[in-house]
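To start, the structure under review is shown below, and the notes come after it.
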Amino acid sequence: MRIDESLLRWAAAGPLRFVARTYEWARPTLSLGRAEPFPEGWNTAAIESAGIDVVRRPTGGDAVFHDEEVTFAVAASVPAPWAERPRDFARLVAEALADALRDLGLDASVVPP
């Protein structure tokens, strides 16, 4: 998540910036949005005993469980047509990435929010 945070800061520091990256998770991981309460309301003992890592994203949103998947991060200060709401922008990027992977003959789908 430190890489994502650095890329977000870089994109916000100037106009016409766009960066994207893909990565996978070494272990099952719960990523929490920046305002997601933790550890309040979570069974941290169960999370720990299941071998699940917990990280905090620099962006908002609900908790997301990552396991055996490809994840992407996008940071942009580019004007339209990228002037979408963050969730809509992420959906457009996810659909484009899944289309590209399918074009390569890989099984790819977008998980709904």
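Worth a mention:
- Ranking Arg57, Arg2, Arg91 from most to least accessible surface, computed with a 1.4 Å probe over the protein chains only, gives Arg2, Arg91, Arg57.
- Restricting attention to the chain, close to 70% of DSSP beta bridges with both partner residues there are antiparallel.
- A cut-off of 5 Å between modelled amide H atoms, ignoring neighbours fewer than 5 places along the same chain, links Arg57 with Leu32, Gly33, Arg34.
- Here Phe18 sits with roughly 90 square angstrom of accessible surface, probe radius 1.4 Å.
- In the context of the full set of protein chains, the chain has a per residue accessible area of 71 Å² (1.4 Å probe).
- Kirkwood-type radius of the chain, with distances r between different C-alpha atoms, in Å: 15.6
- Amide H partners (placed H, <5 Å) of His66, local residues excluded: Thr29, Leu30, Ser31
- In the chain, helices alone account for a calculated mean residue ellipticity at 222 nm of -9500 deg cm²/dmol, with every DSSP H run of four or more residues adding -39,500 (n - 2.57).
- Burial ranking of peptide ranges 4-15, 35-46 (average Cβ count within 10 Å, highest at the top): 4-15, 35-46
- Surrounding net charge for Ala96, when Lys and Arg each add one and Asp and Glu each subtract one, Cβ distance under 12 Å: -1
- The range 1-81, accessible surface, carbon-and-sulfur percent (1.4 angstrom probe): 56
The values are calculated or read from the model by the stated rules, or taken from the named source; none is laboratory data. On a predicted model such as this, the values are computed, not experimentally measured, just so you know. Positions of Cβ are generated from backbone atoms using ideal geometry, with glycine treated the same way; all protein chains shown enter the neighbour counts. Quick note on the areas: whole protein, heavy atoms, side chains included, nothing else; ligands and nucleic acids left out. Shrake-Rupley method; radii C 1.70, N 1.55, O 1.52, S 1.80 Å.
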